[in-house]
Each structure stands twice: as structure tokens, then as C-alpha cells.
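Colleague: Next up is a structure, given as C-alpha cells.
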Amino acid sequence: MKPAAFDYVRPSTIKETTEILAEHGGDARVLAGGQSLVPMLNLRLARPSAVVDISRLAELTTIEVSPSGISIGAMVTHATLEFSREPGRTFDILRKVASGIAYRAVRNRGTIGGSVAHADPAADWLSCLLALDATLSISGTGGTRELPISEFLVASFTTALQADEFVTRLNLPVLGANARWGYYKHNRKVGEFAEAIGCFIEDESRSVRRIVAGALSSPPVVLFAGAGGWPTNINIDNLRSAVQEAAPDVEGDHIHFHAAAVLRALHSGALS
Amino acid sequence: MIHISLTINGERVEASVEPRLSLVDFLRERQHLTGTHVGCEHGVCGACTIHLDGVSARSCITLAVACDGRDVKTIEGFEADTQMEALRVEFSKEHALQCGYCTPGMLMTSYELLTRFPDMDPADIPKEMSGNLCRCTGYQGIVRAIQNAYAANRNET
């Protein structure tokens with residue numbers, strides 16, 4: 001199918017972008033890499049009045065690393081992260097996750113900011129960034145605000161963005177040199193959207209332990225949140241109970257798929 | 001209508017396009033470059049794969065208007081390219097095509113592999129080609145053709 005008609009605007013500053021978004025009062029859609037938005041336009045699942053192309057905002061393509069944190073521009077592509085030569089545990093997990101997203105031609109164009117703003121529960125970055133406890137920089141006509149990804153993801157394909165706002169940066173912690181992590185995605189064919197995702201971070205230097213289950217029908221969830229983030233025993237039964245508690249909508253065999261994905265993520269981390 | 005200026009197969013092209021026009025429809029219907037095929041129109045089948053600024057991209061989920069100032073290369077731009085010729089010969093030899101619908105996309109994707117990742121483990125070819133669907137061959141011939149091209153390159157160096 002072909003998209004319904006829309007206006008196309010290509011702003012040259014963040015401020016101009018927010019003003020255009022405000023003018024359209026929520027009817028405009030931001031175009032980053034277009035790897036999710038354009039299929040939705042073609043299928044007419046999205047029929048915006050305007051498409052606002054942020055691909056020429058050069059400041060959104062940078063990766064800034066400091067001892068206190070890593071800041072990734074929203075327009076950084078999956079391929080850039082896949083081939084990043086930055087040292088450190090945070091980049092190790094980013095490289096691993098990026099390399100498994102869709103197909104090479106999609107990774108060449110698709111962006112981390114676009115993926116997060118699209119908020120498909122099956123997207124790899126949502127689970128990974130929740131495990132990392134990332135915050136997002138969001139720009140609007142009134143300025144910039146920071147929001148933890150757990151508060152940003154409201155529901156499936158639904159975020160906390162206001163009509164005049166868009167995601168400009170993703171801010172991640174610098175994992176300690178001895179931090180452990182694991183990521184496992186279950187899908188039937190290479191490159192397809194995940195049917196279950198497991199991800200964990202264990203960073204003793206910052207006293208952080210987080211286990212995440214993703215690719216649910218709603219945004220990813222932190223498991224064992226009420227128990228210090230970690231089970232007393234890591235086994236499939238404990239993980240099944242944790243998935244049921246954190247994501248009560250998951251039913252039947254799917255409880256096991258998600259628990260198994262998390263268990264495999266934990267095992268992959270133990271071996272690394 | 002919005003005016004765009006881009007490079008297609010090394011030539012400067014000026015055009016006026018509707019924002020909703022996809023790059024693949026622009027290439028086929030406005031530029032008469034019909035070597036790039038339209039398959040699923042949502043970025044899954046890989047038939048429309050072209051190179052955008054030197055790397056592979058899906059032209060069915062790329063807006064023509066967003067290619068203003070960009071460099072586009074289609075299968076037609078590789079006629080005199082020795083690496084692409086080697087791939088064409090291997091595809092033919094290994095029966096890596098039947099109806100030919102997926103072939104331009106298969107060639108564009110495998111060309112990127114050969115030239116951008118010359119040291120790639122040939123065992124990764126099936127994974128790397130997983131974004132290009134073929135309903136005729138069962139893929140074995142395609143994988144062999146690309147393996148052969150890799151082997152020929154290694155023997156030459």
C-alpha cells in the first residue's frame with residue numbers, strides 16, 4: 001500500500017522541531033531512521049498531518065562519554081552502535097544488542113531514539129535500556145526534561161511524550177569494569193521481532209542488580225523488584241513466578257517462554 | 001510538491017516529489033530504473049534493497065523526499081563492477097535464482113557483505129542474508145554463490 005498524503009518538514013534545529021510539533025498539536029510524527037514509521041505510513045496504520053524529519057540535526061548523531069555517564073544522540077543508528085569501538089561494559093552490551101536488531105539494511109538506517117520513541121514492546125532497546133536504567137532527554141517548546149525510561153514507556157506504542165516533545169538523547173550509566181550482563185532474544189527467524197527477551201545487569205561497583213523481561217504485550221518489566229532485584233535461587237520456577245507477578249497479562253506457555261529467555265540471559269552472562 | 005536534488009548511480013538528478021512518494025517508486029516510475037523491485041512494501045522482503053550513502057537500505061521504507069542531497073546506487077549502477085560481475089556469475093552457476101524477483105536485492109545485499117566485510121566468516125552468510133526472502137531456490141544456491149565469491153576474493157589476495 002501507499003501512504004496517505006502528508007506534509008514534510010525538515011527542521012534544522014531542535015527548537016524549530018519542537019515549534020513545528022507544537023503547531024500540529026499531536027498530529028505530526030517525527031521521522032528519525034524511518035524503519036518503523038515508514039512501514040506504518042505505507043500500511044496506513046499511521047496517518048499524520050505532517051512528517052518532521054530530524055535526520056539532519058547533526059547534534060543528535062553524537063556519542064558523548066564521560067566518567068559519570070554515556071550520552072547517545074537519538075539519531076545514532078543501530079549500525080553505529082554495533083561497530084562502536086568505545087571500550088567498556090556498557091558498550092559491550094550495546095554492541096551485542098545492536099548486532100541482533102532486524103537486518104543489516106535496517107540497522108544501517110534505524111536509530112536508537114526512533115526505536116525507543118516508537119515504543120514497540122518487542123523492540124530490543126526497550127528491554128536493554130530498562131535493564132541499564134537509562135534516562136531520556138526530551139525536548140519541547142518549554143525546554144528539556146529528563147525522564148527515566150520506566151516512566152517514559154506508558155503502554156504498548158504509548159509514551160509520555162507531549163505533542164511538542166521528542167526524544168533527543170539517551171543517557172546511560174558507565175558500568176563497572178567487573179559488571180556482568182546478559183541478553184537473550186527468542187524469535188523464530190533471524191531478524192524478526194522478538195517473542196521473548198531476557199536481559200540482566202549486575203554491577204557491584206554501583207550496587208545495581210536488575211533483571212528484565214521484555215517483548216510482552218506491554219512495556220518490559222523489572223523482575224524481583226520487591227526483593228532487591230535478584231532471586232534467592234536462580235531457577236525456572238522462581239523466574240516463572242517473577243514473570244507472573246511482574247506481568248500478570250502473560251498467560252499459558254508464554255510464561256515459560258519469557259522465564260526461559262531470562263534464564264538464558266542469566267546463563268549467557270555467567271559464562272562471559 | 002517538494003524539490004529534491006540527489007545523486008543516482010553517479011549522476012545528478014533534480015526532481016519535484018510528493019512527500020509520500022517512496023524512494024523505490026521514485027526510482028522505478030520517475031527514473032525508469034526498474035531493476036530495483038517492489039515486494040512487501042514494509043521492509044521485510046529485501047527485494048527493494050539499494051545503497052544509500054554507501055550502505056544498504058530498503059527503498060520501499062525510504063521517502064524519496066528524505067533523500068535530498070543523498071547518494072543513491074541501484075543495481076543498474078553496477079554493470080561494469082567486477083565484484084558485482086563475479087556475484088552474477090556465481091549466482092548463475094549455483095542456480096541462485098529462478099524467477100529473479102528477489103535477485104537484485106540479493107545482489108545488493110551480498111555486494112555490501114563482500115566489500116564492507118571482506119573478512120567475515122562465511123558461516124555467517126545465512127544470518128547476514130536473512131533479510132532477503134526468496135521463494136524459489138530454498139537459499140542453498142544463494143549461500144553457495146556468495147561463499148564462492150568470498151573464496152575467489154581470498155585466493156586472489
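The values are calculated or read from the model by the stated rules, or taken from the named source; none is laboratory data. For clarity, every value in this text was computed on a predicted model and none was experimentally measured. Here Cβ is always computed from backbone atoms with ideal geometry, including for glycine, and neighbour counts include all displayed protein chains.
Colleague: Looking at segment A:40-53, is at least one residue away from every other protein chain (no Cβ under 13 Å), touching a strand residue (DSSP E or B) at 6+ places or on another chain (Cβ under 7 Å), farther than 27 Å from B:VAL72 by Cα and at pLDDT 95 or above? I'd like the intermediate steps shown before the answer.
Modeller: Our first condition is that a residue be away from every other protein chain (no Cβ under 13 Å); within segment A:40-53, this holds for none.
Taking every residue of segment A:40-53 in turn, none turns out to be away from every other protein chain (no Cβ under 13 Å), touching a strand residue (DSSP E or B) at 6+ places or on another chain (Cβ under 7 Å), farther than 27 Å from B:VAL72 by Cα and at pLDDT 95 or above.
Colleague: Given the structure, is B:GLU76 away from chain A (no Cβ under 14 Å) and touching a Gly at 6+ places or on another chain (Cβ under 7 Å)?
Modeller: yes
Colleague: Related question: Find the residue count for segment A:238-254, including only residues that are surrounded by fewer than 17 Cβ atoms within 10 Å (Cβ to Cβ) and under 11 Å from A:LEU216 (Cα atoms).
Modeller: 3
Colleague: For segment B:19-56, how many residues are assigned to a loop (DSSP other than H, G, I, E, B) and away from chain A (no Cβ under 11 Å)?
Modeller: Of the residues in that region, 9 qualify.
Colleague: Please go through segment A:75-122 and pick out each residue that is farther than 18 Å from A:GLY182 by Cα and away from chain B (no Cβ under 14 Å).
Modeller: Passing the criteria: A:VAL76, A:SER84, A:ARG85, A:GLU86, A:ILE112, A:GLY113, A:VAL116, A:ALA117, A:ALA119, A:PRO121.
Colleague: List the number of the failed condition for B:ASP71; all other conditions in (1) without any contact (Cβ under 8 Å) to a residue 24 or more places away in the chain; (2) within 14 Å of another protein chain (Cβ to nearest Cβ); (3) closer than 28 Å to A:SER36 by Cβ; (4) surrounded by fewer than 17 Cβ atoms within 10 Å (Cβ to Cβ) hold.
Modeller: So the condition that B:ASP71 fails would be (1).
Colleague: A further question follows. I'm trying to understand the selection: among the residues of segment A:87-114, which are hydroxyl-bearing (Ser, Thr, Tyr), out of contact with any strand residue (DSSP E or B) (no Cβ under 8 Å at 6 or more places or on another chain) and buried (at least 24 other Cβ atoms within 10 Å of the Cβ)?
Modeller: Initial filter on segment A:87-114 (hydroxyl-bearing (Ser, Thr, Tyr)): A:90, A:99, A:103, A:111.
Checking which are out of contact with any strand residue (DSSP E or B) (no Cβ under 8 Å at 6 or more places or on another chain) leaves us with A:99, A:103.
Selection gives A:TYR103 alone.
Colleague: Continuing with this model, one more query. Just one of (1) buried (at least 17 other Cβ atoms within 10 Å of the Cβ); (2) more than 11 Å from chain B (Cβ to nearest Cβ) trips up A:GLY25, so point out which.
Modeller: Failing condition for A:GLY25: (1).
Colleague: Could you check A:ILE70 against (1) closer than 21 Å to A:ALA194 by Cβ; (2) of a type in the set (A, V, I, L, M); (3) in contact (Cβ under 8 Å) with a residue 60 or more places away in the chain; (4) assigned by TED's automatic domain parsing to the domain that holds A:THR159 and say which number it fails?
Modeller: Of (1) closer than 21 Å to A:ALA194 by Cβ; (2) of a type in the set (A, V, I, L, M); (3) in contact (Cβ under 8 Å) with a residue 60 or more places away in the chain; (4) assigned by TED's automatic domain parsing to the domain that holds A:THR159, only one is false for A:ILE70: (1).
Colleague: Okay, next question. Test B:VAL13 against the criterion of being touching a strand residue (DSSP E or B) at 6+ places or on another chain (Cβ under 7 Å), surrounded by fewer than 18 Cβ atoms within 10 Å (Cβ to Cβ) and of a type in the set (A, V, I, L, M), and give yes or no.
Modeller: Yes: the conditions hold for B:VAL13.
Colleague: Something else about it: Test of understanding: among A:ILE93, A:ILE20, A:ILE63, which residue is within 28 Å of B:VAL44 (Cα to Cα) and out of contact with any helix residue (DSSP H, G or I) (no Cβ under 6 Å at 6 or more places or on another chain)?
Modeller: Exactly one of A:ILE93, A:ILE20, A:ILE63 is within 28 Å of B:VAL44 (Cα to Cα) and out of contact with any helix residue (DSSP H, G or I) (no Cβ under 6 Å at 6 or more places or on another chain), namely A:ILE93.
Colleague: Considering only segment A:1-68, give the strands (runs of 3 or more DSSP E) lying wholly within it that have at least 2 residues that are among the hydrophobic types (A, V, I, L, M, F, W, C).
Modeller: In segment A:1-68, the matching strands (runs of 3 or more DSSP E) lie at A:28-31, A:50-53, A:63-66.
Colleague: Of all residues in segment B:6-18, which are within 9 Å of chain A (Cβ to nearest Cβ) and on the phi > 0 side of the Ramachandran plot?
Modeller: none
Colleague: Can you tell me which residue is modelled with the lowest pLDDT among those in segment A:217-258 that are within 18 Å of A:ALA123 (Cα to Cα) and of a type in the set (Gly, Ala, Ser)?
Modeller: Here the residue is A:SER217.
Colleague: For the condition outside the structural domain of B:CYS136 (by TED's automatic domain parsing), touching a helix residue (DSSP H, G or I) at 6+ places or on another chain (Cβ under 7 Å), farther than 27 Å from B:ASP124 by Cβ and of a type in the set (Gly, Ala, Ser), what is the one hit in B:ALA47, B:ALA64?
Modeller: Just a single option satisfies the conditions, and that option is B:ALA64.
Colleague: Across segment A:161-194, what is the total count of residues that are in contact with a strand residue (DSSP E or B) (Cβ under 7 Å, 6 or more places away or on another chain) and farther than 23 Å from A:THR13 by Cβ?
Modeller: Of the residues in that region, 14 qualify.
Colleague: Pick from segment B:112-147 the residues that are among the β-branched types (Val, Ile, Thr) and more than 14 Å from every other protein chain (Cβ to nearest Cβ): which of them is surrounded by the most Cβ atoms within 10 Å (Cβ to Cβ)?
Modeller: This residue is B:ILE142.
Colleague: Here is a check on your reading of the model: is A:LEU126 within 25 Å of A:MET40 (Cα to Cα), part of a helix (DSSP H, G or I) and modelled with pLDDT of 95 or more?
Modeller: Taking the combined requirement at face value, the residue satisfies it.
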